[in-house]
Amino acid sequence: MLLAAAIVMASVCAAHADDFDAELEAMLAEAVESPVYEYPNIPATYSFGLGAALAGDDLATGAGRYSYSEGSGLSYGFQTRGFPFPHRFYLLRDHRGPDDNYTDLRYAYGDTVFLRWLGVAVHHNLEYEPLGADDTLTPSPSVNVLDAPGGQHVTVALNDVYLRLKYPGYAAHVFMRYWERSREGMKQQRVLLGSGYFNDLRKTSQDVEVDWKSTDLTVGANAHLGHMEVEASHGVNDFTSGNAATFDSYTANSFRSAGTYSHSAMPELESSEDILMAHTSYTGRLVMAATMSARESDNKTSGAKVKYGTTTASMSIIFNPSNTLYLLYSKHTMDADNPGAATVADALNPANTYTYSVRQPVSADTSRTTLAYQSLLTGSLTVRAKYSTLKASRENSQAWGIDTPDTGTRTGQFSATLRPSMTTRVRAEFEQKRTDMPVYNNEGDVSRRGRLNVDHAFAPDLRVSAGYSTRLTERRGLDYPGTTLATERTSASDNTYLGAHFMLPGGISAMATFTKIFNAIKQDIAYASLSGQPLVAPGALYDDTSHCYAIDLSMPASERFTLAAGLTFTTSSASFRTNNSDLTLPVDVSTLSEVDIRQTDYRLSGTYSFGGGLDLSADLAFSNLDDMTADANPDALQDGNSYKGYVRVTKAW
Amino acid sequence: MAFRHRGTIVLLCVLAVSALLMAGCAALKFSRPIMPVKEYERMLVGSLDADYIGTNNCLAACHAHDKIRRDFTASTMGAQMSADSGMPMVDCESCHGPGSGAVKGITAEKVAEDAARGIETACNYNALIDIKNLPVPAKSLMCLRCHTANATFNLHNFATGSHAMNEVTCINCHNVHAGPDLITSPHDVSVMCFECHSQAKAEFSMRSRHPVNEGRVFCTNCHNPHDTFNEKLRREETVKETCVRCHAEKRGPYMFEHADLMEDCLNCHRSHGSPNRDLLVANETFLCMQCHEGHRTSAGAASGETKFAYYIRCSDCHSTIHGSDSPSPSGRGTFIQ
């Protein structure tokens, strides 16, 4: 209703634009008497580079997460920029391997045509999760490994094409966006075969092909209507997989016969979305904006559907340069549905078909309101207060054991920024959040967060910054299906940052940083018992800590030579601990998932100019990973190294 | 409810088209502020004693800004919309104010004389608008005066976004004199973001991470630096919609899902980096046991072998954890099949 009223108001206001039109024509008539503008003559620039790429890693290591071990070979790059006005174009292609490249293409004709294509390809080595050794004396559980670590990877390709066509002389245009992402490769598939019951568990690991593509196509129109700018768009999405499902043999259980059934299926998905947006001029005391969207997603394979609707409106009011008010309201609806039954059939004996009922999914409506006020108290002190509420209301939740379908959260935040001088800035923030009837165990009743940041420039070449933030969240009354004895949860995090930018002898610019990130959760956890209630392990503790030390150096650019180097050393550890003897004897479960890693990354890059537009550039990266765990549980991480190097000769015109 | 949203959107589109026809095409040229902020607009007028002299006169005697001028002319700011108008789209004085006071008394001869004495002739910058010391909203207004009228929906939510509220302006990220490319390259975005969001850079060095430091994923893939209605400047309305922009295989919907927990991937994953595999918030099995009871197959303590079976990773068996259309062997939706 608000949006409709605003559009009507805009059209009325636009009628008064005719007066301005006449004034502008008079101004333009005067300007035409001046010399006619001539397009400047700016020569195009070109550069082409050819070189070699060397890359390799120990395939079982986690060091080369994004290195392409088969990427040794040719690398090339070219860049061109031209201004045959009114045409303008730009093309950059950096090819470091078939699975590692970047493309940026832009073309414009005046301000009426604009085209941009951004393309990225990246090679991602995947971790391999060993299932552990099989104890042949025990029939269940058993372990069946049909693959081997190393070689699991995906190549991710992302392409984003945007085309805009504007009406000459008017602020109105139509646009099209095409967004495609695809993955190809091979990944480890872990699956439970056998009968699926405790007396016949067959944990299996095998390689499967990855081959999927998802495309989005959006078309829309945009125009100014007096005080308002309005945009409407329609988009469709399509997801297909070349490897729809895997078929394996299962043994019989009380629910179905033995047979060959599908698992890990990737369905065919379609969705569509309509969006309408409007806003007033950004330059007024009063700025309003609103968005309405509706989206539907369909699973063409199973028939599951979900519909989303979102309405959001915001307003900012500048009372005077010292005081600004912000308001936002958003409502989001999710309406999920499924056919109510799922069927599974023996691929080799279709007569064995089984249909099972499926409970309806949870649907949810959420609404969010935010009110914020900012005030410049003095010339150097700005304070902000913000209050927001979030209400969630769920349908079909009781079928899922969620007894409290409605949740409400209230958040209050206060922050201040102080600039005692031109060279110093101090920022402090405090936030408290309260949730009524939290639904999931990882939500808290009360959460408090504080943050302090300080930046100071001792000199133009010496700047330091420091930051600290901490959060504490508490929950009383956890929800486990079979017990009420697990009640308490506390989670905490604190993060520290120190950074300095300074100059070293020889004019070398240096940036050194230290970051510590710490997260911890202490929670009563429950585990099933064959008799009676689940047992509770009170106060089980999870925590992870990371320290990151980094230094980056840059030699001053001289006429011929530039050089940059960097070193990052990261330590990460994570563990799960409990005092409960059931979980610690005879094997301590904490040893099965702990993480303790040291990773060192070295970077070196430089360019030497021979003159005449001829350059030699090199870009080297080396990573070392040390897995510090005792490997009581064989995990994916193994010690190892990874390297990538590119050498290229480039000629520019 | 969502269907009613779609019908409402169609109705409003019809209204918008009708309003367009009523207003006439002339209205398309204009976008004017509701109650101009006169205090800031006065700051951007510049010296009332000075005259506009044009770019050629601003830089006629001085070569120190030759590169800036060449880059600016080659950019969309300096490009000509139409040769008939006789004016460039934007020139020096559009932002710096009327320049006659800054170049008063400076001639090519004087510049040459000073250069012979080893002196670089300086303009009287005090006669121009003191952009560095403008209040933050005035700095933004300098750009928004034009970028509110040329159909740029990038800034749709800028006014009430986190960046605007925290005094981040256009020129914190956009250096209009850096070169002819005024579109900030995705490669440069991350470097800019890390200047304030330094913790994120450390997160991207962790064992499991998005390849931002490798230059293959960019902050702008998930966040809109020009602000959105969504928390943390997320591009899409929900966390899930933001993640499935790339991780499309997780979009669903599926017959068997994790209730509405799936709408927020951050329930189980971190977005930047994690010491745990797959960007997990906590390692399995603790991650799952926050909400689910663990397995136990006998009245006594689980044997070592049982622990290996159940307590390494829940997803070894519950492998289709993001959603499945297949019932498990028992006919239920336990994400085994």
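Being part of a loop (DSSP other than H, G, I, E, B), within 30 Å of B:THR306 (Cβ to Cβ), among the small types (Gly, Ala, Ser) and touching a residue at least 12 places away in the same chain (Cβ under 8 Å) narrows it down to one residue among A:ALA540, A:ALA486, A:ALA520; which is it? First the steps, then the outcome.
Values: A:ALA540 fails: part of a loop (DSSP other than H, G, I, E, B); A:ALA520 fails: part of a loop (DSSP other than H, G, I, E, B).
Step by step, each of A:ALA540, A:ALA486, A:ALA520 is checked, and only A:ALA486 is part of a loop (DSSP other than H, G, I, E, B), within 30 Å of B:THR306 (Cβ to Cβ), among the small types (Gly, Ala, Ser) and touching a residue at least 12 places away in the same chain (Cβ under 8 Å).
So A:ASN579 ticks every box in (1) more than 9 Å from chain B (Cβ to nearest Cβ); (2) surrounded by 16 or more Cβ atoms within 10 Å (Cβ to Cβ); (3) not in a strand (DSSP E or B) but one. Which box is left unticked?
Condition (2) is where A:ASN579 drops out.
Select from the range A:142-153 the residues that are in a loop (DSSP other than H, G, I, E, B) and touching a Ser or Thr at 6+ places or on another chain (Cβ under 8 Å) and list them in ascending order.
Scanning the range A:142-153 gives A:LEU146, A:ASP147.
Taking the range B:241-262, which residues are part of a loop (DSSP other than H, G, I, E, B), touching a helix residue (DSSP H, G or I) at 6+ places or on another chain (Cβ under 8 Å) and in contact (Cβ under 8 Å) with a residue 60 or more places away in the chain?
B:GLY252
How many residues are among the acidic types (Asp, Glu) and out of contact with any Gly (no Cβ under 9 Å at 6 or more places or on another chain) when one looks only at the range A:485-501?
The qualifying residues number 1.
Those residues that are assigned to a strand (DSSP E or B) and facing another protein chain (nearest Cβ under 7 Å), I need them from the range A:216-228; list them, please.
Restricting attention to the range A:216-228, the residues satisfying the condition of being assigned to a strand (DSSP E or B) are A:216-225, A:228.
If the condition is that a residue be assigned to a strand (DSSP E or B) and facing another protein chain (nearest Cβ under 7 Å), then A:ASN222, A:ALA223, A:HIS224, A:LEU225 are the ones that fit.
Please work out which residue is nearest to the chain's Cα centre (by Cα), limiting yourself to the range A:229-273 and to residues that are in a loop (DSSP other than H, G, I, E, B) and in contact (Cβ under 8 Å) with a residue 60 or more places away in the chain.
First, pick out the residues of the range A:229-273 that are in a loop (DSSP other than H, G, I, E, B): A:242-245, A:251-252, A:254-255, A:257-258, A:264-268.
Narrowing further to those that are in contact (Cβ under 8 Å) with a residue 60 or more places away in the chain: A:255, A:257, A:264.
Numbers: A:PHE255: 41, A:SER257: 43, A:SER264: 24 Å.
If we take residues in the range A:229-273 being in a loop (DSSP other than H, G, I, E, B) and in contact (Cβ under 8 Å) with a residue 60 or more places away in the chain, then A:SER264 is nearest to the chain's Cα centre (by Cα).
Just need a number here: residues in the range A:353-368 that are more than 8 Å from every other protein chain (Cβ to nearest Cβ) and closer than 23 Å to A:MET315 by Cβ.
Looking only at that region, the number is 3.
Within the range A:146-179, can you find the residues that are closer than 23 Å to A:ASP104 by Cβ, touching a Leu at 6+ places or on another chain (Cβ under 7 Å) and away from chain B (no Cβ under 13 Å)?
Answer for the range A:146-179, where residues must be closer than 23 Å to A:ASP104 by Cβ, touching a Leu at 6+ places or on another chain (Cβ under 7 Å) and away from chain B (no Cβ under 13 Å): A:LEU163, A:MET176, A:TYR178.
Looking only at residues in the range B:146-168 that are part of a loop (DSSP other than H, G, I, E, B) and under 27 Å from A:LYS166 (Cα atoms), which one is farthest from the other protein chains (Cβ to nearest Cβ)?
At the first step, the residues of the range B:146-168 found to be part of a loop (DSSP other than H, G, I, E, B) are B:148-152, B:156-157, B:161, B:166-168.
Filter once more, keeping what is under 27 Å from A:LYS166 (Cα atoms): B:148-152, B:156-157.
Working: B:THR148: 4, B:ALA149: 6, B:ASN150: 6, B:ALA151: 5, B:THR152: 9, B:HIS156: 5, B:ASN157: 6 Å.
Applying the filter and picking the extreme gives B:THR152.
Determine whether the range A:544-555 contains at least one residue that is under 20 Å from B:ILE312 (Cβ atoms) and either touching a strand residue (DSSP E or B) at 6+ places or on another chain (Cβ under 8 Å) or modelled with pLDDT of 90 or more (or both). Give the steps one after another, and end with the answer.
Initially, the range A:544-555 is screened for residues under 20 Å from B:ILE312 (Cβ atoms), giving A:544.
Now restrict to residues that are either touching a strand residue (DSSP E or B) at 6+ places or on another chain (Cβ under 8 Å) or modelled with pLDDT of 90 or more (or both): A:544.
Yes - at least one qualifying residue is present in the range A:544-555.
Checking the condition over 26 Å from A:SER367 (Cα atoms) and of a type in the set (Lys, Arg), which residue from A:LYS305, A:LYS300, A:LYS331 passes? Steps first, answer last, please.
Details: A:LYS305 fails: over 26 Å from A:SER367 (Cα atoms); A:LYS331 fails: over 26 Å from A:SER367 (Cα atoms).
After applying the criteria, what remains is A:LYS300.
Could you list all residues from the range B:33-60 that are crowded, with 17+ Cβ neighbours inside 10 Å and over 21 Å from B:LEU144 (Cα atoms)?
Within the range B:33-60, B:ALA50, B:ILE53, B:THR55, B:CYS58, B:LEU59 meet the criteria.
For the range B:263-275, does any single residue satisfy the condition of being facing chain A (nearest Cβ under 7 Å) and buried (at least 23 other Cβ atoms within 10 Å of the Cβ)?
Initial filter on the range B:263-275 (facing chain A (nearest Cβ under 7 Å)): B:263, B:267, B:275.
Among the residues that remain, those that are also buried (at least 23 other Cβ atoms within 10 Å of the Cβ) are: B:275.
Yes, there is a match, as at least one residue in the range B:263-275 is facing chain A (nearest Cβ under 7 Å) and buried (at least 23 other Cβ atoms within 10 Å of the Cβ).
Just wondering, is there one or more residues in the range A:524-531 that are closer than 19 Å to A:SER575 by Cα, more than 10 Å from chain B (Cβ to nearest Cβ), among the aliphatic types (A, V, I, L, M) and touching a strand residue (DSSP E or B) at 6+ places or on another chain (Cβ under 6 Å)?
no
Here's the yes/no breakdown for (1) assigned to a strand (DSSP E or B); (2) of a type outside the set (S, T, N, Q); (3) loosely packed, with under 14 Cβ neighbours inside 10 Å:
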residue	(1), (2), (3)
A:THR404	no, no, yes
A:THR409	yes, no, no
A:GLN413	yes, no, no
A:ALA416	yes, yes, no
A:ARG425	yes, yes, no
A:ALA428	yes, yes, no
A:GLN432	yes, no, no
A:VAL439	no, yes, no
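Would you check which residues across the range B:177-227 are under 12 Å from the mean Cα position of the chain (by Cα) and assigned to a loop (DSSP other than H, G, I, E, B) and list them?
Within the range B:177-227, B:ILE183, B:THR184, B:SER185, B:PHE218, B:ASN224, B:PRO225, B:HIS226, B:ASP227 meet the criteria.
Only one residue in A:LYS203, A:LYS213 is surrounded by fewer than 17 Cβ atoms within 10 Å (Cβ to Cβ), in contact with an Asp or Glu (Cβ under 9 Å, 6 or more places away or on another chain), assigned to a strand (DSSP E or B) and at the interface with chain B (Cβ under 10 Å from one of its Cβ atoms). Which one?
On the way: A:LYS203 fails: surrounded by fewer than 17 Cβ atoms within 10 Å (Cβ to Cβ).
Matching residue, one of A:LYS203, A:LYS213: A:LYS213.
Across the range B:281-297, what is the number of residues that are in contact with a helix residue (DSSP H, G or I) (Cβ under 6 Å, 6 or more places away or on another chain) and more than 7 Å from chain A (Cβ to nearest Cβ)?
Of the residues in the range B:281-297, 1 are in contact with a helix residue (DSSP H, G or I) (Cβ under 6 Å, 6 or more places away or on another chain) and more than 7 Å from chain A (Cβ to nearest Cβ).
Give me a count of the residues in the range A:170-191 that are closer than 16 Å to B:GLU249 by Cβ and among the hydroxyl-bearing types (Ser, Thr, Tyr).
Result for the range A:170-191: 1.
Return the residues of the range A:378-399 that are surrounded by fewer than 18 Cβ atoms within 10 Å (Cβ to Cβ), touching a Lys or Arg at 6+ places or on another chain (Cβ under 9 Å) and among the β-branched types (Val, Ile, Thr); say none if nothing qualifies.
Residue satisfying the conditions is A:THR389 alone.
Look through the range A:285-306, keep the residues that are surrounded by 21 or more Cβ atoms within 10 Å (Cβ to Cβ) and more than 23 Å from the chain's Cα centre (by Cα), and return whichever of them is nearest to B:ASN157 (Cα to Cα). Give the derivation first.
Let us first name the residues in the range A:285-306 that are surrounded by 21 or more Cβ atoms within 10 Å (Cβ to Cβ), namely A:287-295, A:297, A:299, A:302, A:304, A:306.
Add one more test, that the residue is more than 23 Å from the chain's Cα centre (by Cα), and what stays is A:287-290, A:292, A:299, A:302, A:304.
Working: A:VAL287: 10, A:MET288: 9, A:ALA289: 7, A:ALA290: 9, A:MET292: 13, A:ASN299: 32, A:SER302: 38, A:ALA304: 33 Å.
Only one residue fits best here, namely A:ALA289.
Anything in the range A:555-588 that is free of Cβ contacts under 8 Å to residues at least 12 places away in the same chain and within 30 Å of A:ALA512 (Cβ to Cβ)? List them, or say none.
The answer is A:ALA557, A:SER558.
Could you pull out the residue among A:LEU371, A:LEU328 that is more than 8 Å from chain B (Cβ to nearest Cβ) and modelled with pLDDT of 90 or more? Working first, answer last.
Numbers: A:LEU328 fails: more than 8 Å from chain B (Cβ to nearest Cβ).
Testing whether each residue is more than 8 Å from chain B (Cβ to nearest Cβ) and modelled with pLDDT of 90 or more leaves just A:LEU371.
Looking at A:ASP135, A:ASP111, which is the one that is facing another protein chain (nearest Cβ under 7 Å), surrounded by fewer than 18 Cβ atoms within 10 Å (Cβ to Cβ) and farther than 22 Å from A:SER617 by Cα?
Working: A:ASP111 fails: surrounded by fewer than 18 Cβ atoms within 10 Å (Cβ to Cβ).
The unique qualifying residue is A:ASP135.
Would you check if A:GLU25 is within 13 Å of chain B (Cβ to nearest Cβ), more than 33 Å from the chain's Cα centre (by Cα), modelled with pLDDT of 60 or more and not in a loop (DSSP other than H, G, I, E, B)? Before you say what the answer is, go through the steps one by one.
Details: within 13 Å of chain B (Cβ to nearest Cβ): yes; more than 33 Å from the chain's Cα centre (by Cα): yes; modelled with pLDDT of 60 or more: yes; not in a loop (DSSP other than H, G, I, E, B): yes.
Against the criterion (within 13 Å of chain B (Cβ to nearest Cβ), more than 33 Å from the chain's Cα centre (by Cα), modelled with pLDDT of 60 or more and not in a loop (DSSP other than H, G, I, E, B)), A:GLU25 qualifies.
The values are calculated or read from the model by the stated rules, or taken from the named source; none is laboratory data. Because the structure is predicted, anything quoted here is derived from the model rather than measured. For neighbour counting, all protein chains shown are included, and Cβ atoms are generated from backbone atoms with ideal geometry for every residue, glycine included.
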